[in-house]
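This report refers to the structure that appears directly beneath it.
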Amino acid sequence: MILRRPDRVLIQGITGKQGTFWAERMREYGTAIMGGVNPKRGGETHLGLPVYASAKAAMKGNGFDVSVLFIPPLGVKEAALDAIEAGAKGLVVLTEHVPVQDTMYILAAAKEAGTRVLGPNTAGTVTPGECFAGFMPAFNAKIVRPGAVGVVSRSGSLGTLVCLSICQAGFGQSAFVGIGGDPVIGTTTREALEALDTFPGTRAVVIVGEIGGTMEEEAAEYAVTMKKPVVALIAGGAAPEGRKMGHAGAIVVGDKGSYASKRRALERAGVRVLATPNDVGAALAEALA
Amino acid sequence: MNFEECAAKPLLAEAGIAVPRSRLATTSEEAAAAARALGPVVVKAQVPAGKRGKAGGIRRAQTPEEAESAARGILGMAIGGHAVARVLVEEQVAIERELYAAVLNDAAARQPLVLFSTEGGMDIEEIAAARPERVRRHHVDIRSGLADEAARALVRGLDLGDHEPAVAKFLVSLYSVYRRHDAELLEVNPLALTASGPVALDCKFVMDDSAAPRHAELAARGTPETLSPLEQRGKDLALKFIELDGNVGVLANGAGLTMATMDMVRHWGGRPANFLEIGGESYTRAKPALELVLANPHVKSLVVNFCGAFARCDVMMEGVAAAWQELKPSVPIFFSIDGTGDVEAIAILKKRLGLDPFPTMALACKAAVEAAR
């Protein structure tokens, strides 16, 4: 799930406004963009890249390893299945509001095919100094710099702020893995934590979590086995109970998935849980001293 | 999106699941007329809340007169914060046994989950806590669906006698309804065993909000959320706005950052006045969003926290500046701006509002909390 420079990337939905804007940013940064997909514009070129009618056609053409989807919610299932059937090793699904049953269908197909999925509703993944997939401001040196801190985040915006705090404290990131804010997603906090634990150059990991679900609690079970320091920030401690806070995943009903439950599980696993995003720098300085 | 029993049951009937004959009534006279047509009935409050029976919202009536009196008692009641505006008048069913069945999205397993229990009529949480061995679970491969054989295995050995095949068939139908209408949860509790087979006596249906655009006609029959006037205005603008009891207005991009901003306001001893995020595609609507925050008369100060990734700070700042210059509000406003488009956004802030951002969101929130005191 951590993108490397040799990974060949396809952009499904490359001809749209956002697909165009971010394909250019990714390419400038060093991501190996091989082409894009638009079912109605196969055979054209866009940004100097070949446009294919399908991911399967792209695989026969320039080929690709990972596909990034800039596709509207109700089109995601078809596009994702196209990429999985084409033999994609990984998918980055940026779209928010994908119907959950569509996501489950995609993930079942991906599991069988051995395709790794990030998202839906993720900002993507960044390997500083190498490449990125999605819409993270990787090119902003105030926010993303090569370094030794791995970040796993459910939220793009809060993950970006944590990356900023890491840089302000004089550190940088080994990799950023956005897993997405939806209730059902392809890669969990725990799976991303495991990947970051073994990713070269990573000396510490920051978990950026949120109320709702049980992913932070599950990640704590792995964190307890880690030798590297882990710090965590859980958003939503001040959220009122029983109301959905934008991310479909962020809902608190009783104690299940609550801030207190997550904090307790992480602290028991030896993870330092921070009060504010601005504490990330100081906590890392202490942990890495 | 929640659906009341009267909106959910027709979906079961369409799939061949037996439901009692019924009529909707909004007055006690209509309830009496329904009972005249149906015979002995159950009068049931229609609200999107559980525990209707315990609240006195479900009453049996043997005659039209009893139905009229039951409806008079129930109409206008408040159950779970909802005023009862209509009742479902439903024929009584001779029940041999009450069962429980549901299909829901299991987020952790990333698969549909079928739940079945012979202990119907109670909350599934209560059943699962008291007699976990009585709750059967089956995860479904969503690509192939719930197979007849799997459904039969789920109900085998539960002493259902001759009803076993019909109950298994019911589960397959229930699963088809869950799939066809993009349910997040589809629950039948109780499922009555009667001489003529299983009958769904109640139904709870929650549709996945993300799927509502492809079920426009059905979604229109869902229960609208209970919203304050400002929240309704937010919804009309397709913005997720939740009114809270504090006085520090909050505007940020992305749900995670917005929650973190609210946490930070609390951290400094303040109370957020709202949740409002303009993440995703809605980042271009900062102007109406800010207008919404400012329309809350309790707001004494405002913190704007932008950390652009997909959402571009400059685009959001344009919206904020436009709203600010148009409304000329008297409340103080405090900014923290970083990420995609931050340099341009800070220039707009300086030029149009004559302000500088704070170096961190912590300091911006602190200033807003102090100003609100």
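Here, each number is a calculation from the coordinates, and none is a lab measurement. The shown structure was predicted, so the numbers you read here are calculated from the model rather than taken from an experiment. Note that each Cβ is placed from the backbone with ideal geometry, even for glycine, and that neighbours are counted across all protein chains shown.
Across chain B, the relative contact order, built from alpha-carbon pairs under 8 Å that are at least six residues apart, equals 13 percent. Simple rule: put +1 on each Lys or Arg Cβ and -1 on each Asp or Glu Cβ in the range A:8-118, find the dipole, and look at A:A110, A:V9, A:V76; the Cα lying farthest toward the positive end is A:V9.
Size of the dipole of chain B about the Cα centre, Lys and Arg at +1 and Asp and Glu at -1 on the beta carbon, nothing else charged, in debye to 20?
With Lys and Arg at +1 and Asp and Glu at -1, about 500 debye.
Annotation for the range A:160-249: GluC sites (Glu not before Pro) lying in DSSP loop with at most 11 further Cβ atoms inside 10 Å of their Cβ are A:E241. The C-alpha atoms of chain B define a longest principal axis, and helix B:64-74 lies at about 20 degrees to it.
Extent of the protein assembly as shown along its three principal axes (Cα atoms, max minus min coordinate, largest first): 77, 61, 52 Å.
Of the trypsin sites (Lys or Arg not before Pro) found in the range B:44-116, those that fall in a DSSP loop while having at most 14 other beta-carbon atoms within 10 Å are B:K51, B:K54. Just check the range B:21-91 against the gyration tensor rule for me: Cα atoms, a ≥ b ≥ c as the square roots of the eigenvalues, rounded for a/c under 1.5, and otherwise prolate or oblate depending on whether a/b exceeds b/c. Prolate is the answer for the range B:21-91, as a/c is 1.5 or above and a/b outweighs b/c.
Helix B:255-267 and the longest principal axis of the C-alpha atoms of chain B enclose an angle of approximately 70°. Simple rule: put +1 on each Lys or Arg Cβ and -1 on each Asp or Glu Cβ in the protein assembly as shown, find the dipole, and look at B:I346, B:L158, A:G213; the Cα lying farthest toward the positive end is B:I346.
Applying a threshold of 22 Å to the alpha-carbon distances of B:K287/B:K328; B:K287/B:K366; A:K77/B:K169; B:K44/B:K240 flags B:K287/B:K366; A:K77/B:K169; B:K44/B:K240 as lying beyond it. Note on A:K40: aspartates and glutamates with a C-alpha under 19 Å away, same-chain residues under 8 apart excluded, are A:E78, A:D82. Of the GluC sites (Glu not before Pro) found in the range A:1-71, those that fall in a DSSP loop while having at most 14 other beta-carbon atoms within 10 Å are A:E44. Each of A:K56 and B:D148 was given a label point 7 Å from its Cα along the Cα-to-Cβ line. The distance between the two points is 3.2 nm. Each Cα pair under 8 Å and six or more residues apart adds its sequence gap; the mean of these over the residue count of the range B:21-91 is a relative contact order of 47 percent.
Between B:R352 and A:E28, the modelled labels are 2.3 nm apart [label points 7 Å from Cα along Cα→Cβ]. Taking the number of Cβ atoms within 10 Å of each Cβ as an exposure proxy, the fewest-first ranking of A:T125, A:T202 is A:T202, A:T125. Each Lys and Arg Cβ is given +1 and each Asp and Glu Cβ -1; about its Cα centre, the protein assembly as shown then shows a dipole of about 1100 debye. Think of chain B as having a plus end and a minus end, set by charges on the Cβ of Lys, Arg, Asp and Glu; of B:M259, B:A216, B:V369, B:V369 sits farthest toward the positive end of this dipole. Extension gain for B:T26-B:L327 works out to 103.9 nm (0.36 nm per residue, less the C-alpha to C-alpha distance). Mean separation of Cα pairs under 8 Å and 6 or more residues apart, divided by the residue count, gives chain A a relative contact order of 14 percent. What do you get for the angle between helix B:361-372 and the principal long axis of chain B? Use alpha-carbon atoms, 0 to 90 degrees, nearest ten. Tilt relative to chain B: about 90 degrees. Its Cα centre serving as origin, the range B:61-165 has a Cβ charge dipole (Lys and Arg +1, Asp and Glu -1) of approximately 520 debye. Leaving out same-chain residues fewer than 8 places away, which aspartates and glutamates sit with a Cα under 13 Å from that of B:K204? Output for B:K204: B:E4, B:E5, B:D123, B:E184, B:E187. On full extension, the segment bounded by B:V343 and B:A108 gains 80.5 nm, given 0.36 nm per residue less the C-alpha separation. Taking every lysine pair in the range A:140-288 that is 8 or more places apart or spans two chains, those with Cα atoms closer than 27 Å amount to 5.
Each of B:E96 and B:T284 was given a label point 7 Å from its Cα along the Cα-to-Cβ line. The distance between the two points is 6.1 nm. Neighbour counts of other Cβ atoms within 10 Å put B:S210, B:S330, B:S69 in the fewest-to-most order B:S330, B:S69, B:S210.
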